[in-house]
Amino acid sequence: MRRDIKVVPFYRMPFGTLLTVTDHRMQNMNPAVEGQAQALEQRFARLFGESPRIYQAPGRVNLIGEHTDYNDGFVMPAAIGFYTRVAVAPRPDRKLVIHSENYSEQVEFDLDGLPATRAGHWSDYVIGVVKMLVRSGKQLRGANLLVDGNVPLGAGLSSSASLEVAVGYALLDLADRAIEPPTLERIKIDRIKIDRIKIDRTGLALLCQQAENEFVGARCGIMDQFVSSHGKHGQALLLDCRSLEYRQLPLPPDVALAICNTMVKHSIAKGEYNQRRAECETGVRTLSKHLPQVRALRDVTVEDLETYGQELPDVVMRRCRHVIGENDRVLQAAAALERGDLQAVGSLMLESHRSLRDDFEVSCAELDLMVELAGRAEGVYGTRMTGGGFGGCTIALVQSGCVEAFERKVREGYERSTGCQPEIYICAAADGVGQVAATSAEKWVRSE
């Protein structure tokens with residue numbers, strides 16, 4: 001299968017495009033989410049003495065397509081119902097005052113004098129996004145921000161991308177509004193204006209990725225920020241990491257996403273991740289001598305590897321075999337989801353895990369154990385490790401009626417074998433970034 005395949009229909013929007021929309025607020029609002037947002041609004045009012053607007057961006061889990069993103073390949077993530085929430089209100093000056101509920105810390109910066117380098121602090125993610133927005137020509141204003149989140153930290157569920165996207169969206173939305181206090185008439189004008197424009201989610205994702213690459217110093221791909229921006233309730237997302245073309249894929253409502261956290265992260269992870277990238281790049285350099293069209297492993301077929309792979313060192317050949325096969329598995333899984341064949345999706349997930357374990361060598365004993373335990377549980381269609389590897393989480397597709405028994409069996413089995421109690425998160429695919437709560441004045445407008 002050639003890697004220049006077009007997976008259609010896709011949707012693209014160049015940075016800065018304005019589209020007509022009916023309402024920029026998130027869909028599928030529920031009382032629990034609104035209650036959490038109201039609590040954050042109250043804490044903001046106590047801290048800053050005014051009422052904010054509140055936004056949220058989700059974390060994500062990758063269903064299949066591991067270590068393909070930086071090889072210009074295909075991925076299939078889903079946004080999940082863990083969020084970073086940002087309460088924000090404008091200031092009359094050029095300062096950004098950012099308070100983190102998770103870290104119980106507050107930092108302050110001037111938009112005209114942002115730090116030149118990272119500090120190794122949680123605020124790097126915020127400042128990186130602000131710097132990229134300013135560099136892109138966005139006219140930001142001073143603001144007070146209160147940040148809170150429940151994306152599990154260190155679990156590989158993209159808490160950093162969630163923070164970046166939530167902050168970026170909030171500041172862009174704030175920049176499109178008038179600076180006057182939120183009177184009833186002012187909000188009516190704001191709603192007319194905002195209802196006519198839509199923040200460019202792809203452009204936002206790219207800026208957030210750029211912030212993490214250039215300012216924070218993490219060589220991440222585009223997947224995390226993209227699905228946090230574009231996620232849809234009840235759907236996974238098939239993304240072409242080269243063209244950024246994408247389409248939504250239906251997830252059955254009676255299937256849960258069960259994320260199992262091994263609670264371990266081996267210290268070799270960062271060095272090994274960089275080594276895997278280097279090995280993939282070595283494969284591309286060698287194969288491109290025979291295949292001039294090859295820019296990334298995305299451009300190499302199984303047949304190409306069989307023909308020219310003997311020139312590669314064994315380790316590099318196996319790394320290439322994983323990426324090439326994984327790209328095909330993602331496309332096959334997308335087709336299977338669209339025809340409702342969850343058994344086929346599950347088989348592909350297991351193949352993915354075996355390839356990550358044997359060819360890419362990024363699994364570990366704890367991940368393998370978690371996959372084995374989940375695979376033996378009733379009602380499981382498929383399971384695999386998810387994320388960069390060497391610890392972290394697995395993902396399983398589980399029939400909703402079997403979730404309770406699944407949790408019990410996996411938890412007990414893992415604790416009995418390792419002495420460590422795992423965390424298990426039962427999720428559904430969620431909406432991407434958006435405004436989730438209105439100020440009191442906005443609620444008056446809504447009720448008219």
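Once the Cβ-Cβ distance of LEU47 and ILE426 is raised to the sixth power relative to R0 = 25 Å, the FRET efficiency obtained is 0.15. Summarising the label geometry, the points placed 7 Å from Cα in the beta-carbon direction at ARG411 and ASP314 lie 4.4 nm from one another. The order of VAL61, VAL75, VAL255, VAL227, going from fewest to most other C-beta atoms within 10 Å of their C-beta, is VAL255, VAL61, VAL75, VAL227.
By other beta-carbon atoms within 10 Å, ranking PHE44, PHE109, PHE226, PHE360 with the fewest at the front produces PHE109, PHE360, PHE44, PHE226. Computed extension length for LEU114-LEU291: 59.2 nm, one decimal, from 0.36 nm per residue of separation with the Cα-Cα distance subtracted. Stretched out straight at 0.36 nm per residue, the stretch from HIS266 to ARG94 would grow longer than its current Cα-Cα span by 57.7 nm. Summing Lys and Arg as +1 and Asp and Glu as -1 over all other residues whose Cβ lies under 13 Å from the Cβ of ALA377 gives a net charge of -1.
Between rounded, prolate and oblate, where does segment 246-327 land on the alpha carbon gyration tensor, with a ≥ b ≥ c its root eigenvalues, rounded for a/c under 1.5, else prolate if a/b exceeds b/c? Note, shape of segment 246-327 comes out oblate. Normalised by the number of residues in segment 252-427, the mean separation of alpha-carbon contacts (under 8 Å, six or more apart) gives a relative contact order of 34 percent. In the distance distribution for segment 252-427, Cα-Cα pairs more than 18 Å apart total 63 percent.
Cross-link reach is defined here as a Cα-Cα straight distance under 13 Å, omitting same-chain residues fewer than 8 places apart; for LYS95 the aspartates and glutamates meeting it are GLU108, ASP110, ASP112.
Around the amide H of MET263, modelled in the peptide plane, lie the amide H atoms of GLY392, GLU423, all under 5 Å away and 5 or more residues distant in sequence or on another chain.
Read-outs throughout are calculated quantities, based only on the coordinates presented, and are distinct from any laboratory measurement. Keep in mind that what you see is a predicted model, and the values were worked out from it rather than measured. Positions of Cβ are generated from backbone atoms using ideal geometry, with glycine treated the same way; all protein chains shown enter the neighbour counts.
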